[in-house]
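What follows is a set of notes on a single structure, which appears directly below.
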Amino acid sequence: MRSTANLPSLRRTTVALAVLAALASALVFAGGALAVSSGNAANAKLCQKGGWQTLMDSSAERFSEEGACVSYGAQGGAIYALARLHVELCASQPADGICVSTTGFGLEPTTFVTTPLLENGVAVTTAFDIVQPDGTVGGPPIGHIEAPCVSGNRYSAAASGMSADSLGAPIVPGIPITSNTVERTSSCP
């Protein structure tokens, strides 16, 4: 015959162990959440006090408002200083060809910004501008002239480069940055 005298104390011990296991699990989960939260607090702080207006996410998109930036940073998203490239048509264009200038900021120093010039969808020349130590680029205008002149040739240009590394911890390498595209059609005299 089996004794049932120890059954209540065995149940209490089992319940106590279950409660301790649940409490330990909760502490481990909460500790992990706190570690993630405190690890990303620096990223979220970058967004505060208007900082969000000079920042972008890992898709090179600006933040719409402070709360979106803070939330993104707190969830571990890499935050970058705003980086932009802009291509502009020169004031004076050849009858058949194209002339552009490229400017930019927030780029990875000592890398290249490339600006290919396309004629009817095919690259005819490419500028390689070195990004300055301050993350800016602003090389001299680049151009292509087609002779003899053919009315209707279509020209376009767009620049591409790399942003500077992310600002928060952990540091993530830069992301691709692409400019606007400019276009023109030749007009022979």
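The values are calculated or read from the model by the stated rules, or taken from the named source; none is laboratory data. Since we're looking at a predicted model, the values are computed, not measured. In this analysis, Cβ positions are derived from the backbone assuming ideal geometry, glycine residues included, and neighbour counts consider all displayed protein chains. For accessibility, only protein heavy atoms count, side chains too; no ligands or nucleic acids. Shrake-Rupley method; radii C 1.70, N 1.55, O 1.52, S 1.80 Å.
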field: Filter pass, G106 being closer than 30 Å to C47 by Cα, touching a residue at least 12 places away in the same chain (Cβ under 8 Å) and crowded, with 17+ Cβ neighbours inside 10 Å
entry: yes
statement: Over the range 111-122, the set of residues open to solvent by 60 Å² or more (accessible area, probe 1.4 Å), of a type outside the set (V, I, T) and assigned to a strand (DSSP E or B) is F112
- request: Go through (1) surrounded by 14 or more Cβ atoms within 10 Å (Cβ to Cβ); (2) at pLDDT below 95 and name the single condition K49 misses.
  value: (1)
query: Can you pull out the residues in the range 83-97 that are part of a loop (DSSP other than H, G, I, E, B) and within 23 Å of the chain's Cα centre (by Cα)?
result: A83
field: Scope the range 125-170; condition touching a Gly at 6+ places or on another chain (Cβ under 9 Å) and among the charged types (D, E, K, R); matching residues
entry: D129, E146, R154, D165
message: What's the total number of residues in the range 132-177 that are among the hydrophobic types (A, V, I, L, M, F, W, C) and farther than 30 Å from Q75 by Cβ?
response: 9
- line: The one condition C69 fails out of (1) in a helix (DSSP H, G or I); (2) open to solvent by 40 Å² or more (accessible area, probe 1.4 Å); (3) at pLDDT 90 or above is (2)
